[in-house]
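Okay, structure first, notes after.
The values are calculated or read from the model by the stated rules, or taken from the named source; none is laboratory data. Keep in mind that this is a model prediction, so the values were computed, not measured. A quick note on method: Cβ atoms are made from the backbone with ideal geometry, for glycine too, and the neighbour counts reach across all protein chains shown. The protein model used for the area step is the full one, side chains on, heavy atoms only, and it has no ligands, DNA or RNA in it. Shrake-Rupley method; radii C 1.70, N 1.55, O 1.52, S 1.80 Å.
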Amino acid sequence: MDAKLRDDGTPDGKQEQFARIELIDPYGNEEKLRIREDSKWPDYIHVTLHAHETDADILAAFRSLVEELGGSVTARGLRFVPGLTFAAVRIQPNQVAELSKFSRIRLIRSMPQLQEEWQLEGKLTKAFNKLKLPEQTAISSAKAAIFDGGIANVFPKHANELASSNLLPPLPDDLAHGINVTSTFLFGTIEHKATSLPIPYCQVDHHRVLPTSDSPEQALDVLDRIVTAFRGARASGKPYRFANISLGPVATFFDDDVHEWTSRLDVELADGSTLCTAAVGNNGLLDGELARIQPPGDAVNVFSIGAAGSTKKKWTRAPYSAIGPGRSPGYVKPDVVAFGGSNEEPVAVFNPLAGGVIGVAGTSFASPLALRVAAGADAMSRSSFDPVTLQALIINACQYSAYSHTRPEVGWGRIPLNPEDILYTPLDVVRVVYQGVTRPGHPQKALIPVPKGLPSGTSVKLGATFCYRAPVDSAHAINYTRAGLWVRCYKAPKKTLPLFGSGMYKTETQLRRDSMRWDTVLHNKRKISADDLDNPYFHINYQVRDESEAVRVEDAVPMPFALVLTIEAPGVTDLMVRIQTEFPVLQTLNVQSHAEVESQTS
């Protein structure tokens, strides 16, 4: 190899690339094996191959080897994302090591089971009034997809159940879960003095994806149904604006590999047309790595939701809520936490089949509560914001204390449950939104509209949140996103203001120096004297890569992104007027209150 590298016929680019490599280790066959001793189906495995859908020779050779070893690819067949192929295989356990010698195999896992619901031990201690469903239809024309266990059409004016004709009838536990998740999105948490249910913000298509058979492929079958629904909606020209997934596989988190659930959903959601929330799992009480987030909560194009145990001012992560970090990129996971209930403070939801309000808890309910906030903000703003912008607004309004919380436990913080709290601000606070599509080779400049002439000594607090949707490279977990934003903040011409840097994370050593530019969420807050600001701005540069290498600009795709900027100048109650006067290019968005949108529907 040394002689070939030194040979004059070897292209300079190849020599340069090899010179960058610091260490080469063979990928041992035993390293490919991620088999659980307690697997429910020891005769079945989930295989990930380095192969494209068009690599017929590789796929044929794989099938041939499986059959030589006395096994078979299951009737489900193969599933593909760019660069990877997934297969469910029936094979005797003593032949798995031999199968791992196939050079194109990346990983062999045990077949995943579906996650189970967290069992609430506490009960509601307050009495609730008898409630009935609203007569009015949903406030907005937007539509949300909820993937769960069915609703038996108990919300006839607000939710429609869709299910495959060959799906078995719903099981009682699945149905209860589906009703409770859907009710949480439609009506939120119920106040014990409530005399009526709120009008839902938008209509729901409830895709019943359960029950699945008690077969080794159960979790993969559910994924197929979810992907089919997303593709069908997109093909019809009416992609879902919102979606929620409160189920998923039990899968040990690996920093160096991405699950089929994660990679396929990241591909489906990369265009930014849908804001999809996903519960991160209820395994937070397990030890060590077993407590980490579950797929698809580690997806970079999914809004991953953990659970807070209380709505009170002092709060912490609910003990059952799975913890981060995610892999890098996508290091801060969960993205946020929403109220998910606890034994001491359950989530009160309306369940018509149960005869009224019941108590529930789990990340399954934190996730639709978070999506409900986004749908509410969407209705109040008359759909002025892109889906990715709604995510940025929610993150920007999160509550977080470095003294009480950590990023791996609560992500960017706990979200407010009232949509008005992410749209309305106090008089001395202004929230500015930039949204659109960024393209490689076209750097953008986003003004930070801090007005001149603020009282001397004013300390301005800036809170900035960037969110974007990125194409992914599932075959390269450490270079998972193929596009990123390199954002630099300037407090004055040629004077940088450190805002997005390694200090965003407590565990800096776990991040490579440039990793943040590939994360699909950037968020930070800091104070600075107004006297030090002179026409501050963000410089935004879209960067692309393929297998960690730069690619031609013309080969990159446009990327939807949003920047939400909060400017706080304590005591300056005319801050909005000052900004409007000095920066007339910024449009003022008139949003409605919840009461106003409800009155228009009535």
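Values computed for the structure shown
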quantity: Most to least packed among 168-177, 375-384, 302-311, 211-220 [average Cβ atoms within 10 Å]; calculated: 302-311, 375-384, 211-220, 168-177
quantity: Approximate spin-label separation Leu168-Lys193, in nm, with each point projected 7 Å along Cα-to-Cβ; calculated: 4.7 nm
quantity: Dmax and Rg, reported as Rg then Dmax, of the range 299-361 (C-alpha, Å); calculated: 14.2, 46
quantity: Net charge of neighbours whose Cβ lies under 13 Å from the Cβ of Asn29, counting Lys and Arg as +1 and Asp and Glu as -1; calculated: +2
quantity: Calculated FRET value between Thr54 and Asp224, using beta carbons and R₀ = 35 Å, to 0.05; calculated: 0.95
quantity: Per-residue ³J(HN,Hα) for the range 162-174, Karplus 6.51 cos²θ - 1.76 cosθ + 1.60, θ = phi - 60°, Hz, x for Gly and Pro; calculated: 10, 8, 5, 5, 9, 7, 5, x, x, 7, x, 5, 5
quantity: Residue-averaged 222 nm ellipticity for the chain, from DSSP H runs of 4+ at -39500 (n - 2.57), nearest 500; calculated: -6000 deg cm²/dmol
quantity: Mean-position separation - Cα centroids, the range 180-223 and the range 45-77, in angstrom; calculated: 36 Å
quantity: Carbon/sulfur fraction of accessible area - the chain, other protein chains in place, 1.4 Å, %; calculated: 50 percent
quantity: Charge-dipole axis of the range 368-442 as Lys and Arg at +1 and Asp and Glu at -1 on Cβ define it, positive-most pick from Leu417, Val437, Ser381; calculated: Val437
quantity: Mean Cα-pair separation over length for the chain, i.e. relative contact order, pairs under 8 Å, 6 or more apart, %; calculated: 13 percent
quantity: Normalised contact order of the range 178-288, rounded percent, pairs of Cα under 8 Å and 6 or more residues apart; calculated: 22 percent
quantity: Cβ charges +1 (Lys, Arg) and -1 (Asp, Glu), total dipole of the chain, debye; calculated: 1700 debye
quantity: Reach of Lys312 by Cα under 30 Å, taken over lysines that are not fewer than 8 positions away in the same chain; calculated: Lys123, Lys126, Lys130, Lys132, Lys193, Lys333, Lys461, Lys506, Lys525, Lys527
quantity: Student exercise, the range 153-244 dipole from Lys, Arg, Asp, Glu Cβ charges, in Debye to nearest 20; calculated: 540 debye
quantity: Label selected from [x] 1.11; [y] 1.20; [z] 0.98, the criterion being Rg/Rh (Cα atoms, Kirkwood Rh) as computed here; calculated: [z]
quantity: Net length gained if the chain between Lys314 and Arg63 were fully extended (0.36 nm per residue, minus Cα distance); calculated: 84.8 nm
quantity: Computed lengthening from Thr496 to Lys101, 0.36 nm per intervening residue step minus Cα-Cα distance; calculated: 137.0 nm
quantity: Per-q log10 I(q)/I(0), the range 369-409, q = 0.28, 0.30, 0.31 Å⁻¹ (Debye; single scatterer per alpha-carbon; no solvent); calculated: -0.94, -1.02, -1.06
quantity: Mean accessible surface per residue for the chain, computed with a 1.4 Å probe while every protein chain stays in place, in Å²; calculated: 44 Å²
quantity: Theoretical FRET efficiency, 1/(1+(r/R0)^6), r = Cβ-Cβ of Asn153 and Leu427, R0 60 Å, to 0.05; calculated: 0.80
quantity: Antiparallel DSSP beta bridges within the chain, percent to nearest 5; calculated: 70 percent
quantity: Size of charge dipole - the range 335-439 - debye, nearest 20, with Cβ of Lys, Arg +1 and Asp, Glu -1, no other charges; calculated: 280 debye
quantity: Farthest positive-ward along the chain dipole, Cα basis, beta-carbon charges - from Pro216, Phe147, Leu275; calculated: Leu275
quantity: Relative packing of 460-473, 189-202, which averages over residues the other C-beta atoms within 10 Å, highest first; calculated: 460-473, 189-202
